[in-house]
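Single-structure report; data block below.
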There are 2 protein chains.
Amino acid sequence: MYLDPHSVTRVTSLGAGPIGGGWAAHFLARGYDVTAYIHDESERAAFDAIVDTAWISLETLGLDAGASRARLTVTTDLEMALDGAQFVQESAPERLEIKQTLYARMGELLPENIVIGSSTSGLTMTEIQAGCQTPARCVIGHPFNPPYLLPLVEIVGGKQTDPAAVAWAGAFYEAAGKAPLIMKKEIPGFVATRLQEALWREALHMVAAGEATPEDIDIALINGPAPRMVVQGQCMAFHVACGAGGMATNLDQFGPALKWPWTRLDAPELTQELRDRMVDGCNSIAGDRDFEDMAADRDAKIVAVLNALRQSG
Amino acid sequence: MYLDPHSVTRVTSLGAGPIGGGWAAHFLARGYDVTAYIHDESERAAFDAIVDTAWISLETLGLDAGASRARLTVTTDLEMALDGAQFVQESAPERLEIKQTLYARMGELLPENIVIGSSTSGLTMTEIQAGCQTPARCVIGHPFNPPYLLPLVEIVGGKQTDPAAVAWAGAFYEAAGKAPLIMKKEIPGFVATRLQEALWREALHMVAAGEATPEDIDIALINGPAPRMVVQGQCMAFHVACGAGGMATNLDQFGPALKWPWTRLDAPELTQELRDRMVDGCNSIAGDRDFEDMAADRDAKIVAVLNALRQSG
C-alpha cells in the first residue's frame, strides 16, 4: 500500500521555524525535491535565513548527487504544498489544537498511503491524530536540534497508527540519511529527550543547591562524558570500560552503587531480569568484537574527535 | 609554600590499574618524568599493556616537547616511588582502609608541601585523609575514563584540606594539559558523574519498563545529544537554541515543562533565584558573543566532529 521508501523523490515540509526550516534544508541536501509550507509570507525571510545557515554546514558535510537549493518551492497554500507529496514532515507550532486542525485537513487532502511524520516533542500522536480521518499513516518522527545536523529521528505511532506506517517511516528516514530509532512504547519525552531531561534536572538541582554553576556543568560535560558519548552510548561505555567482564561485571560489582546518592534520581531495583536485559543487550551490540577491539576503536574515534575540535578552533 | 605549578617536572603515579596506568601515560606524554608505583611485580605486564594502549592515542594527539616513554620508572617500593616527587596522583583500589593506610604512610614519607591528588570516584577526601598526619595538601583530582584521553579533572578538598592546595591542583592540572573543574562542595559523584548517573538511572528505568533496549539507549545518545554535547554543555545548548532570548526564554517559556513526566527525576522548584543563576551563568559564558555567532560556531564544530567520526570509520 505504501510507496517504496527508496522511490520517494518529493517531500513536503510544514513549518517555518528552526525545525521546519532545518528539515527542508536536510531533505534538499539529500537530493529531494522539497516543498515547504509556511503559514504566512511574513515568515519567509526567517525561513530563508534558517536554510541559508543550514546550507553552510550541509555543504561541508557533503551534498548528495543532484542536491540543489533550486529544488525548493515555498508556498503559503497548504493544498498546493501537499499536492504530489510522497512524504510529509510536519513541524507546526507545538499546540494541540493547531496540530489537530492541520491533521484533520491533511486527512482530507493527502492520499492515505502517504505517511506523515510529526516533529512534535511534547505531544503524543494519539492526541494529534484524534481528528484525522486517515490516522493510520500518521507517526511521530522527532528530530534532535539542529535537525540538519543531528542524525537521530525517534519514531513512534499513536493508538490508531498502522504499525506498517511506523516501519515505513524507519526505512524512509534511513534512506534519507537519518539515524531512525523506532520506539517500543509511546512515552513522554521519547528516549533521547528523557535521558537528556534527567541530566538537565540534576543540573538544575545542583545549581539550586549551590553545588555547581552553569559553567561548571558545561565544563564537566564537554570535557568528561561527551567526547566518549559521541563514540559510545552509556551502555557500551560501561560495557567496554569493565574489560572482558563487560556489563555483567559492571552491574554485579557496581550494582550496590546504584543506591548511593550520586544523583537525586532513585535507581530501579536491579532485578535479575533487568541485569540480563542489560548484559544481553550489550553482548548483542558487541557481536563478535572483543573488548580490546572495542576499546581501541573507541580510543581512535575519541582522538579523531578531539583533534577535529582542536582544528576547528 | 607549595611549588610553582609550572615548575613541576617529576610526577609519581600510584596504581597499576587502568586509571593509574592511564595517568602515568598522560603525564609521560606531557613531558614529565614519571615514577609509577605498582603494588606487586605481578601487575607489571598489565600496567605496561595499559601504557602501550594509551601511547597509541597520545602519539596521534601529539606529544609535548621531550615526552618519552624512556622517562618512566616503575617500582614496587613506595618509599623510592615518592622520593623526589613534586606531585603525586593516587589511583589505589577504591577501598577506604587501603587508601587510609596509604595516606598515613605518604603523610610520613612525603614533604608536606607536595600535593597529593586522589583519583577516587566513590570516597570523600574527608574520609581518606582522616589518618594522614599532613592532610592539608591532600585533594581529590578525579579523572574521567579513559584518563589519557578525556580532559576533565574534578578537584575538591576534604574538611582538613588547605584551600591553597585545591587552587594549586587546579593550576597544576591545567599546566599538565587537563581541564580542571574546582568544585564548590564535597558531594557524592562530583559534577560529571552525577549528571551521567542521572542519565544512567533513567536508562535503567527505561530498560526495566520495556520502554527501550540498551541498543536503543545508545543509538539515541550517539545520534542525538552527544554530537552537540561535545561542543556545548547542556546549559549553553539550551541558551543558544532559544535564539536571542537565550536561557531566560528557555526557563520562562519551557519552565512548566519541568513538571512533565519526561524523566523519573522530579525537577527542583524553578524559583526566581534559580532562574537568575541559570540566566546569569549562561550570559557570563556567552560574554559578548551573540547567539548567531555561537550557533554558527556550534554548527561548524558539530560538522567537524561528524566528519571526523565518518573518516575514522
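The values are calculated or read from the model by the stated rules, or taken from the named source; none is laboratory data. A quick note: this is a predicted structure, and the numbers were derived from the prediction, not measured. Neighbour counts are summed over all protein chains in view; Cβ atoms, including those assigned to glycine, are modelled from backbone coordinates with ideal geometry.
Listed values, structure above:
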| item | result |
| --- | --- |
| Qualifying positions in region A:56-82 - in a helix (DSSP H, G or I), within 14 Å of another protein chain (Cβ to nearest Cβ) and farther than 17 Å from A:N145 by Cβ | A:E59, A:T60 |
| Region A:9-42, residues that are closer than 20 Å to A:T120 by Cα and in a helix (DSSP H, G or I) | A:P18, A:I19, A:G20, A:G21, A:G22, A:W23, A:A24, A:A25, A:H26, A:F27 |
| Per-region count, region B:177-193, residues out of contact with any Asp or Glu (no Cβ under 6 Å at 6 or more places or on another chain) and closer than 15 Å to A:L265 by Cβ | 2 |
| Residues that are in a loop (DSSP other than H, G, I, E, B), within 10 Å of chain B (Cβ to nearest Cβ) and over 30 Å from A:L63 (Cα atoms), drawn from region A:161-206 | A:K184, A:K185, A:E186, A:I187, A:P188, A:G189 |
| Whichever residue in region A:130-146 is under 10 Å from the mean Cα position of the chain (by Cα) and either more than 11 Å from every other protein chain (Cβ to nearest Cβ) or surrounded by fewer than 21 Cβ atoms within 10 Å (Cβ to Cβ) (or both) and, among such residues, is farthest from A:E186 (Cα to Cα) | A:N145 |
| Hey, A:E197 among the acidic types (D, E) and under 26 Å from the mean Cα position of the chain (by Cα) or not | yes |
| Near pairs, Cβ below 8 angstrom, 6+ apart or cross-chain, from region A:161-176 (crowded, with 18+ Cβ neighbours inside 10 Å) to any residue that is hydroxyl-bearing (S, T, Y) | A:A165/A:Y2; A:W168/A:Y2; A:A176/A:Y32 |
| Index of the failed condition, A:D288 passing every other in (1) of a type outside the set (A, V, I, L, M, F, W, C); (2) more than 7 Å from chain B (Cβ to nearest Cβ); (3) part of a helix (DSSP H, G or I) | (3) |
| Selected residue (only one of A:E215, A:E211 is outside the structural domain of A:L152 (by TED's automatic domain parsing) and either in contact (Cβ under 8 Å) with a residue 12 or more places away in the chain or out of contact with any helix residue (DSSP H, G or I) (no Cβ under 7 Å at 6 or more places or on another chain) (or both)) | A:E211 |
| Single condition B:L270 does not satisfy, out of (1) at positive phi; (2) part of a loop (DSSP other than H, G, I, E, B) | (1) |
| Looking only at region B:217-239, and only at residues there that are more than 20 Å from the chain's Cα centre (by Cα), over 14 Å from A:L150 (Cβ atoms) and buried (at least 24 other Cβ atoms within 10 Å of the Cβ), the one that is modelled with the lowest pLDDT | B:H239 |
| Any chance A:G281 is crowded, with 16+ Cβ neighbours inside 10 Å, facing chain B (nearest Cβ under 7 Å) and assigned to a helix (DSSP H, G or I) | yes |
| Residue identified as over 26 Å from A:V231 (Cβ atoms) and in a loop (DSSP other than H, G, I, E, B) among B:P111, B:P146 | B:P111 |
| Enumeration of residues in region A:207-231 that are within 7 Å of chain B (Cβ to nearest Cβ), assigned to a loop (DSSP other than H, G, I, E, B) and closer than 22 Å to B:A308 by Cα | A:G224, A:P225, A:V230 |
